Amino acid sequence: MENPHIGYILVVDDLADNLVLMKTVLEAKGYLVDVADSGTLALAKIEAFPPALILLDLMMPNMDGFEVTRRLQQNEQLSSVPILIVTANRDVKEDQGLAIGVNGFIRKPVDFDELLEKVEAFC
């Protein structure tokens, strides 16, 4: 491994299988990865230890990815943390996310080459 600590990434998804898969792929490339299975838990983890990048599922119960993004944008200390939305929802337009502070989108099923390319741009 060229660089054992490239960056710290928080992966947020309400499906455990998605969390395990993303964590496994990213850790294999040397990233330090934490996970959260809800928007509420994600916000708590981000406030406690801001990551270099957030990979954020859009469709989650109770608090969706856009609401998590809105709340982060309202916090001066966290508004600069980059966010990539990861979603299977084809109806969501990228400009909706970009307008509230999202830095990009990754569509499910995830193309891991695309994922790693986008992650490298931020970490």
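The values are calculated or read from the model by the stated rules, or taken from the named source; none is laboratory data. Remember, predicted model here, so these are calculated numbers, not experimental data. FYI the Cβ positions are ideal-geometry reconstructions off the backbone, even for glycines, and counts take in every protein chain you see.
None of D113, D57 is more than 15 Å from the chain's Cα centre (by Cα), charged (D, E, K, R) and on the phi < 0 side of the Ramachandran plot except D113. Applying the criterion of being surrounded by fewer than 14 Cβ atoms within 10 Å (Cβ to Cβ) and of a type outside the set (K, R) to the residues of the stretch 60-74, the residue that is modelled with the highest pLDDT is Q74. Output the residues belonging to the stretch 81-123 that are more than 22 Å from L15 (Cβ to Cβ) and not in a helix (DSSP H, G or I). Answer for the stretch 81-123, where residues must be more than 22 Å from L15 (Cβ to Cβ) and not in a helix (DSSP H, G or I): V81, P82, K93, G101, N103, C123.
The selection criterion, being surrounded by fewer than 16 Cβ atoms within 10 Å (Cβ to Cβ), over 18 Å from N89 (Cα atoms) and within 14 Å of the chain's Cα centre (by Cα), does not hold for L10.
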